[in-house]
């Protein structure tokens, strides 16, 4: 199973979109706190609608807690980043990979970049900053699912 990790998400609507996508695609979701909003079931239900009953969600109280869990589970961490990375179509995804999406407002800190086993990017036109985090997650997960079947 593939995993989608959300690093301290800022915007509940984006989180809800990614939870709904994960439910539809059969991808587990890891939420790395603290988030920029209340990630209780009540608040997630508002943005994730009735799809939350169809997705495995794990909350990790911190980056360190997530890292300990990931290392115990032996999952490879693939960071989606705009900061110089391999195009996602050239990366060889494997079953069990954990795709990490950064904060909408700030991405991830350098320590998280360093911890990643791979860094991938969705190439966009020069002069533009980035795609919406949920759109980027969908594009990369689509390719990962295509590769692992």
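The values are calculated or read from the model by the stated rules, or taken from the named source; none is laboratory data. Computed from a predicted model, the values in this text were never measured in an experiment. Using ideal geometry, Cβ is built from the backbone for each residue, glycine included, and neighbour counts are taken over all protein chains shown.
Can you find a residue in the stretch 32-47 that is modelled with pLDDT of 95 or more, in contact with a strand residue (DSSP E or B) (Cβ under 9 Å, 6 or more places away or on another chain) and either buried (at least 16 other Cβ atoms within 10 Å of the Cβ) or closer than 30 Å to residue 128 by Cβ (or both)?
Yes, because at least one residue in the stretch 32-47 is modelled with pLDDT of 95 or more, in contact with a strand residue (DSSP E or B) (Cβ under 9 Å, 6 or more places away or on another chain) and either buried (at least 16 other Cβ atoms within 10 Å of the Cβ) or closer than 30 Å to residue 128 by Cβ (or both).
Inspect the stretch 119-127 for any residue being crowded, with 16+ Cβ neighbours inside 10 Å and under 22 Å from residue 72 (Cα atoms) and give the result as yes or no.
Within the stretch 119-127 (the criterion being crowded, with 16+ Cβ neighbours inside 10 Å and under 22 Å from residue 72 (Cα atoms)), the answer is yes, since at least one residue qualifies.
So which of 89, 15, 114, 82 ends up being closer than 25 Å to residue 129 by Cβ, touching a strand residue (DSSP E or B) at 6+ places or on another chain (Cβ under 7 Å) and part of a helix (DSSP H, G or I)?
15
Taking the stretch 96-108, which residues are surrounded by fewer than 18 Cβ atoms within 10 Å (Cβ to Cβ) and in contact with a strand residue (DSSP E or B) (Cβ under 9 Å, 6 or more places away or on another chain)?
Once the filter is applied, which keeps residues that are surrounded by fewer than 18 Cβ atoms within 10 Å (Cβ to Cβ) and in contact with a strand residue (DSSP E or B) (Cβ under 9 Å, 6 or more places away or on another chain), the stretch 96-108 yields only 96.
What's the number of the condition residue 75 fails, among (1) closer than 22 Å to residue 11 by Cβ; (2) part of a loop (DSSP other than H, G, I, E, B); (3) in contact with a strand residue (DSSP E or B) (Cβ under 7 Å, 6 or more places away or on another chain)?
Here residue 75 clears every test but (1).
Please verify whether the stretch 85-95 includes one or more residues that are under 16 Å from the mean Cα position of the chain (by Cα), exposed (fewer than 15 other Cβ atoms within 10 Å of the Cβ) and at pLDDT 95 or above.
Yes, the conditions are met somewhere in the stretch 85-95.
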